[in-house]
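Heads up, the thing below is written out as C-alpha cells.
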C-alpha cells in the first residue's frame with residue numbers, strides 16, 4: 001500500500017522534473033541558434049536531412065489524400081447535384097485540417113524518430129560529452145540546428161502538402177470525373193478565406209513543428225544511454241508526438257473555428 | 001564543411017514552400033493583390049435576411065460591386081441592418097435605388113442585388129437605401145399556397 005503510493009509519488013516527481021528539464025532544454029535550443037558562417041552551414045545541412053528528405057513522402061501522401069478526398073467528396077455530393085462544391089470541400093479539408101495534421105504525423109514518423117535515434121546514439125557513444133570536453137557546446141552544434149531545421153521545415157512541408165493535395169483533388173474530380181473546372185475553382189475561391197483558413201492552417205503547422213521537434217530532440221538528449229533506451233526513446237517520440245498533435249489540433253481548432 | 005549542392009537543394013525546398021503558399025493564397029483562396037479596393041459604406045434595412053451573412057456578395061445586374069461587411073439587428077425598428085461596402089468606382093447608385101435579397105440558384109448563397117432608380121442624386125458614404133425587398137422565404141411561400149391564400 002505504502003509502496004504503491006510511494007511509486008506514484010516517484011512517477012509524479014520524475015514527470016515534473018522531466019517537464020522542467022525539457023522546458024529549460026527548449027529555451028537553450030531556441031537560444032542556441034547562431035548566424036555565423038559555420039552555424040548557418042550546420043543549419044542548412046539539417047534542413048536537408050530533416051526537410052528536403054521528407055519531401056517525397058509528403059508529396060506522395062498529399063497527392064493520394066487529395067485524390068481520395070476528391071473521389072469521396074464527388075460520390076457524396078453528386079447525389080445532391082452539387083458536385084461543383086467538391087473543390088471547396090477538398091480545399092477546406094486540406095488547408096484547415098489534413099494539411100497540417102497529416103504532415104505533422106508523417107514528419108514525426110519520418111524525421112522525428114530519426115532525430116531522436118541520431119542524438120540518442122551520440123549520447124550513448126558519449127560523443128556529446130566528448131564535444132563538451134573539447135569545449136564545444138553540443139547545444140549549439142548538435143541540438144539547436146536540428147531543432148530549428150525541424151521547426152521551420154514543417155510549415156513549408158504543410159504548405160506543399162496542401163497545394164499538392166488540392167492539385168490531386170483537381171486531377172480526380174475535374175480531369176477524371178468531369179466536374180466543370182471553372183465552378184471547381186470559383187467555388188473554392190469563394191469558400192476559402194486567406195486570413196481565416198490558410199493563415200490558421202499555417203499557425204497550426206508552426207505549433208506542430210515546435211512540439212514535434214521539441215519532443216524528438218528532447219527524447220534523444222534525455223534518454224538512458226543504452227540500446228534499449230534508444231529504442232524506447234524513439235518509440236516515445238512517435239507516440240508522444242502523435243498524441244500531442246491530435247490533442248493540440250482539437251484545442252487549436254476550437255480556438256480558431258469554434259468561436260471560443 | 002558542406003557542399004554547394006546541399007545548399008542549392010535546401011534553397012529549392014524553400015522556394016517550393018513559398019510557391020505552395022502563393023498557390024494557396026492566390027489560386028485557392030482567391031486573394032487578389034488589389035483586394036484592398038477603395039470602397040464606401042451604404043446601409044439598408046430588411047424585414048428578413050433569410051440567411052444573408054457577412055462577406056456575402058453585393059451585385060448590380062449580376063456583377064459584383066461590393067460585399068456585405070456587417071449584419072446587425074436594429075432594435076428600434078426590429079429590422080435587420082445590413083452594412084455594405086461598395087467599390088468606390090461604382091459611384092452611380094442613386095438615392096432611390098432598390099436593394100433586394102436574392103438567392104443564386106434554387107438553394108445557393110444569398111446576396112444583395114441593387115438596382116438603380118432615376119434620381120439625380122447619388123448615395124454617399126454612410127447613406128441608407130430605404131427601398132428594400134426581403135429575402136423570398138420558401139417556407140412561407142409554400143405555407144401560403146398550402147393554406148390557399150396565394151396573395152403574398
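Descriptive notes on the structure:
- Residues of segment A:167-181 that are away from every other protein chain (no Cβ under 13 Å) and surrounded by fewer than 19 Cβ atoms within 10 Å (Cβ to Cβ): A:171, A:175, A:176, A:177, A:178, A:180.
- Being out of contact with any strand residue (DSSP E or B) (no Cβ under 6 Å at 6 or more places or on another chain), more than 10 Å from chain B (Cβ to nearest Cβ) and under 18 Å from residue B:29 (Cα atoms) is a property that residue A:209 lacks.
- Segments classed as strands (runs of 3 or more DSSP E), wholly inside segment B:55-152, with at least 3 members that are at pLDDT 85 or above: B:57-60, B:63-74, B:79-87, B:98-103, B:110-115, B:127-129
- Tally of residues being closer than 20 Å to residue A:212 by Cβ and buried (at least 20 other Cβ atoms within 10 Å of the Cβ) across segment A:64-104: 11
- All positions within segment A:1-52 that are touching a residue at least 24 places away in the same chain (Cβ under 8 Å) and either within 14 Å of chain B (Cβ to nearest Cβ) or not in a helix (DSSP H, G or I) (or both): A:32, A:33, A:34, A:39, A:42, A:43, A:45, A:46, A:47, A:49, A:50, A:51
- Sole exception among (1) in a helix (DSSP H, G or I); (2) under 24 Å from residue A:156 (Cα atoms) for residue A:77, by number: (2)
The values are calculated or read from the model by the stated rules, or taken from the named source; none is laboratory data. In this text the structure is predicted, and so the values were computed from the model without any measurement. Methodologically, a virtual Cβ is constructed for each residue, glycine included, from the backbone with ideal geometry; neighbour enumeration extends over all protein chains shown.
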